[in-house]
1. Which of TYR416, LEU108, TYR492 sits closest to the plus end of the dipole of the chain, meaning its Cα is farthest towards the positive end, when Lys and Arg get +1 and Asp and Glu get -1 on the C-beta?
2. Multiply the residue separation of GLN252 and THR139 by 0.36 nm, subtract the distance between their alpha-carbon atoms, and state the gained length in nm to one decimal.
3. By the gyration tensor of its Cα atoms, with a ≥ b ≥ c the square roots of the eigenvalues, what is the shape of the stretch 117-227: rounded for a/c under 1.5, prolate for a/b over b/c, or oblate?
4. Might you tell me the accessible area per residue for the stretch 170-222, computed with a 1.4 Å probe and given in Å²?
5. Reachable lysines from LYS271, Cα under 16 Å, same-chain residues fewer than 8 places away excluded?
6. Which FRET efficiency value, to the nearest 0.05, do you get for LYS401 and LEU102 by plugging their Cβ-Cβ distance into 1/(1 + (r/R0)^6) with R0 = 35 Å?
7. Just the number, please: percent antiparallel of the DSSP beta bridges in the stretch 1-148, rounded to the nearest 5.
8. Angle, helix 120-130 long axis vs. longest principal axis of the chain, Cα atoms, 0 to 90°, nearest 10?
Amino acid sequence: MDIQFVTPGSEIADKTALALIVFEGSVLSGAAAEADQQAAGVVGRALAQGRFTGAKGQVLDLTAPAGHAADRIVLVGAGKREAFDDVGAEHAAASAYGAVKLSGLTVLRVAFADPTAGKPERAALGLRLAAYRFDRYRTKEPVDKKPSILKAEIVSADAVAAQGAYVELAALADAISFARDLVSEPPNVLYPAEFARRVKGLESLGLEVEILGEAEMEELGMGSLLGVGRGSRKDSQLAIMRWNGGTDPAAQPIAFVGKGVCFDTGGISLKPADGMEDMKWDMGGAAAVAGLMHVLAGRKAKVNAVGILGLVENMPDGDAQRPGDVVTSMSGQTIEIINTDAEGRLVLADALWYCQDRFKPKFMVDLATLTGAIIISLGNDYAGVFSNNDELADNLLAASKTEAEPLWRMPLPAAYDKQIDSMIADVKNTGGRPGGSITAALFLQRFVNGLPWAHMDIASTAWKKPSSVPTSPEGATGYGVRLLNRMVADKYEG
Ligand code: BES
Ligand code: MN
Ligand code: ZN
């Protein structure tokens, strides 16, 4: 979608829907303040007839009065003026888009009824995120099912300033779209080497990207990660992405590690057929880390950051890893495989160890669609965060609030650690059903070598069916990109 910032009173094109973002309690004066006396009449009648109050999330879609330059007037409730924030502006614009995307009109013009409250650049971000669509594999979609809005105009008293403020947010939207695309791609297309190729393509943004194959990982002793990929015809890969934007390019970096299971059948501990197609999304953590590196480079963040992606496919096969096998991880610790479906932690064990061993980062944050149990614990809106470091956890939680990507801290009780002691090896890869997300995190903790570390279990938030937020269409969410980008911007730059 083409986005432009325009000044109030600029000409309204043919086939335009005009969205007015109004506050609760001042809807009519809001409509009038847009200097749209012509619309005020029809708006007044509609308000008198119905229940639109301007409450958050309300949308009232009206035919414009005869002679009006726009074809439709869409009132979007933004809630109370005092509580209106960046995310509120994004959601309001996104709701307007949702109301008219299939209308047949081609231009959406968004105006804040109270221009002093508006955040035009945030409205633009909201539109970009709401208009995201993955339609690469549709060959005959009926035209009435295709979005008709091709262009958005956002009204701003200072269109030049808004355009300037939008530059960084556009980089963010690009990065989130990149992550969503990776998650949406089918698993026959996006296998580990293809994921690695797409990440390599980000070198054009100024990132350094190295790809390790199976022989190199063998050399490093990554028996834990490689064991997961044994049943697959596709080679496992480790992608190492670096952004050196810090004022001292040699300064200690911060690091992010992603679970990239391009498809998770469960392996020999095979999953049931029902819903197994969802396991193409099991690389959502790696996609979020790739998206983060994309935005850091895109907005030239003043930070040194490393992103490591463990890319594998978990398949059953005559040569696949078995329950009962013992593998040796890069850390030297041996792992008894109890369930081959607990594969994400095996991938991360080697990726985390490699990360701390090579880069000695200030901290590591890993993202993973790690456990079904986190969905049972927190439902479909919150991701869980586990950390051995309160400051890091607090920084993640603060960023989560600002960016409205909900996150909840979970415990790492030492007493549960014995659930993953093995009878014949150093550790086993499952700890039984009680506290399944917690024992998964405790497993990871054994591979961070005491570094400040946080683990985000995003199995609950990597995709949405159906969606509960207007800026996140059904499907891949890109969860994590904006939260991490915010944390970096607020706490680790300069
Ligand atoms: N990828 C799954 C976790 C998952 C489940 C993500 C549902 C999204 C939706 C993970 O690899 C897995 O299979 N975990 C098992 C662990 C168990 C075998 C200890 C699980 O959660 O059941
Ligand atoms: Mn699994
Ligand atoms: Zn998995």
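The values are calculated or read from the model by the stated rules, or taken from the named source; none is laboratory data. Values in this document were obtained by computation on a predicted structure and should not be read as measured data. Using ideal geometry, Cβ is built from the backbone for each residue, glycine included, and neighbour counts are taken over all protein chains shown. Calculation scope for accessible area: heavy atoms of the full protein, side chains included, ligands and nucleic acids excluded. Shrake-Rupley method; radii C 1.70, N 1.55, O 1.52, S 1.80 Å.
1. Highest projection toward the positive end goes to LEU108.
2. Working: separation 113, 0.36 × 113 = 40.68 nm, distance 4.84 nm.
Between GLN252 and THR139, full extension yields an extra 35.8 nm.
3. Details: a/c = 3.71, a/b = 1.72, b/c = 2.16.
The shape class here is oblate.
4. Numbers: 2100 Å² over 53 residues.
For the stretch 170-222, the per-residue accessible area is 40 Å².
5. Hits, sequence-local ones excluded: LYS280.
6. Working: r = 33 Å, r/R0 = 0.95.
That pair, LYS401 with LEU102, gives E of 0.55.
7. Once the DSSP bridges in the stretch 1-148 are tallied, antiparallel ones form about 30 percent.
8. Value to nearest ten degrees: 60.
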